[in-house]
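Q: I am attaching a structure below and will ask some questions about it afterwards.
Just so it is clear, none of the values below were taken in a lab; they were calculated from the coordinates. Because the structure is a prediction, the values reported are computed rather than measured. Methodologically, a virtual Cβ is constructed for each residue, glycine included, from the backbone with ideal geometry; neighbour enumeration extends over all protein chains shown.
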Amino acid sequence: MKVISVVGARPNFMKIAPLIEEMRQVSGIEHLLVHSGQHYDEQLSASFFSDLGLPKPDIQLQVGSGTHAWQTAEIMKRLEPVLIETKPDVLIVVGDVNSTMAAAITAAKLLIPIAHVEAGLRSFDSTMPEEINRKLTDALADLLFVTEESGVRNLRNEGIPSERIFLVGNVMIDSLLRYRSLAERSGILKELGLVDDGGHPRPYGVLTLHRPSNVDDPRVLRVILEAVATVALELPIVFPVHPRTQERIDRFGYGHYFATNRRESAESGLIPTKPLGYLEFLCLTDHARLVLTDSGGIQEETTALGIPCLTLRENTERPATIQQGTNQLVGLDPDKLVRTSRSVLKGDYPKGRRPPLWDGHAAQRIAKILLQYLRAKE
Ligand code: UD1
């Protein structure tokens with residue numbers, strides 16, 4: 001039985017890792033890993049492969065960056081001959097990036113069954129490219145593996161037959177639980193001057209920002225950076241900067257929001273760093289007093305770790321992180337961001353709990369269902 005997984009961007013890697021590990025343990029499954037090359041920087045791609053013990057991709061499509069249509073089309077063009085030649089019994093895609101959707105469309109036209117891991121999430125906001133990717137991928141998938149109850153409801157409402165939908169939990173949290181203790185040894189807190197003389201973490205916050213709606217408009221980005229800089233007067237905030245965001249900060253001349261020297265920055269200020277590796281970022285999040293983010297995955301990781309998270313978006317496709325976890329939406333209201341951050345620092349935030357099935361065994365459940373599916377097809 002031949003299984004092909006296609007990954008392409010940073011948030012795919014920690015989702016595929018536990019699945020590959022599970023499939024390795026099943027005899028009779030030949031697995032091939034395809035990397036689209038959507039992310040290609042060492043910090044966004046290769047470092048994740050080594051942190052997560054991922055095998056080297058069997059096939060690299062090396063598409064690189066481009067507009068949405070260009071990137072999607074280029075992945076499809078380069079993946080099609082691979083699928084024709086290898087004839088997989090099933091194609092696995094994870095998450096909601098352009099590589100996810102491009103691979104799903106390519107496989108569907110070749111009548112290759114598709115398994116979508118992290119299906120059913122909906123922000124109901126079509127201005128997000130990921131929402132389009134999610135809806136199209138789910139419409140084409142044969143097996144839809146869902147992380148939270150809302151996903152099951154969304155898929156049923158879209159007319160997906162119940163027998164294709166499986167609530168299995170969260171593979172990204174499988175990786176988080178597996179690597180949490182290893183991440184402790186990353187040394188990143190020391191490197192950033194965030195430990196005191198006794199070797200204990202000092203209080204600090206974390207910011208991540210990469211969504212086009214937050215970073216592409218100079219006014220929006222300025223409002224966010226000003227609000228975060230206000231919070232950073234009271235708590236140093238570490239900011240691993242995505243390349244897209246760095247480019248905008250340079251272009252708009254916003255470097256002055258950053259703390260200038262290390263001594264000052266350990267006490268307060270917005271501290272920029274390069275994008276961090278998986279283990280470094282996990283360690284950083286695990287000891288933070290507060291996380292500010294516009295990422296999807298980080299809303300879930302903070303909920304799993306019990307760390308308060310303020311999401312700089314008007315909506316979320318991951319409502320379990322609000323209803324059950326530690327996440328709060330602050331939108332783009334700077335006063336709300338500052339006010340809510342201060343409340344969190346006083347200890348006033350939802351303490352939350354881990355949603356059902358976010359227990360480290362999602363990949364195991366998926367592998368079992370996949371195997372049954374493949375055997376039934378034989
Ligand atoms: C992509 C995903 C997004 C995910 C994010 C995580 C889509 C539509 N978006 O967004 O859902 O949350 O990854 O990071 O798939 N660049 C580099 N080096 C790289 C890759 C990109 O410098 O290795 C720069 C390029 O200038 C590129 C820009 O970043 O144009 C954006 O990259 P792209 O992959 O298009 O989208 P992300 O913003 O990373």
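Q: Which of the residues spanning the stretch 50-99 are closer than 16 Å to TYR40 by Cα, of a type in the set (S, T, N, Q) and part of a helix (DSSP H, G or I)?
A: The answer is SER50, GLN71, THR72, ASN98, SER99.
Q: Would you mind finding the one in LEU235, LEU225, LEU194, LEU279 that is within 16 Å of the chain's Cα centre (by Cα) and buried (at least 20 other Cβ atoms within 10 Å of the Cβ)? Even if it seems obvious, please write down each step before you answer.
A: On the way: LEU235 fails: within 16 Å of the chain's Cα centre (by Cα); LEU225 fails: within 16 Å of the chain's Cα centre (by Cα); LEU194 fails: within 16 Å of the chain's Cα centre (by Cα).
None of the other options fit; the residue is LEU279.
Q: Let me ask another. Could you list all residues from the stretch 286-309 that are crowded, with 23+ Cβ neighbours inside 10 Å, within 16 Å of the ligand (Cβ to nearest atom) and among the hydroxyl-bearing types (Ser, Thr, Tyr)?
A: THR293, THR302
Q: Against the conditions (1) in contact with a helix residue (DSSP H, G or I) (Cβ under 7 Å, 6 or more places away or on another chain); (2) away from the ligand (no atom under 16 Å from the Cβ), where does GLY331 fall short? Just the number, please.
A: Result: GLY331 passes all but (1).
Q: While we're here: Would you kindly identify the helices (runs of 4 or more DSSP H) lying entirely within the stretch 174-252 that contain at least 3 residues that are of a type outside the set (Lys, Arg) and over 28 Å from PRO334 (Cβ atoms)?
A: Here the list reads 188-191.
Q: Could you tell me which of the residues LEU177, LEU182, LEU167 is under 20 Å from the mean Cα position of the chain (by Cα) and loosely packed, with under 15 Cβ neighbours inside 10 Å? Step through it out loud before you land on a result.
A: On the way: LEU177 fails: loosely packed, with under 15 Cβ neighbours inside 10 Å; LEU167 fails: loosely packed, with under 15 Cβ neighbours inside 10 Å.
None of the others qualify; the one that does is LEU182.
Q: When the stretch 55-75 is examined, which residues are found to be of a type outside the set (Val, Ile, Thr), surrounded by fewer than 20 Cβ atoms within 10 Å (Cβ to Cβ) and within 16 Å of the ligand (Cβ to nearest atom)?
A: Matches in the stretch 55-75: PRO57, GLN60, GLN62, GLY64, SER65, GLY66, HIS68, ALA69, TRP70, ALA73.
Q: Looking only at the stretch 89-121, filter to residues that are surrounded by 20 or more Cβ atoms within 10 Å (Cβ to Cβ) and of a type in the set (D, E, K, R); which one of those is nearest to the ligand (Cβ to nearest atom)?
A: ASP96
Q: Which residues, counting only those in the stretch 122-169, are within 16 Å of the ligand (Cβ to nearest atom) and of a type outside the set (Ser, Thr, Tyr)?
A: Selection gives ARG122, ASP125, MET128, PRO129, GLU130, GLU131, ILE132, ASN133, ARG134, LYS135, LEU136, ASP138.
Q: Then there is this: Do any residues in the stretch 363-374 that are within 18 Å of ILE173 (Cβ to Cβ) have Cβ atoms under 7 Å from those of residues that are in a helix (DSSP H, G or I) and among the charged types (D, E, K, R), where the two are at least six apart or on different chains, and which pairs are they?
A: So the pair list comes out as ALA363/GLU21; ALA363/GLU22; ALA363/ASP174; GLN364/GLU22; ALA367/GLU22.
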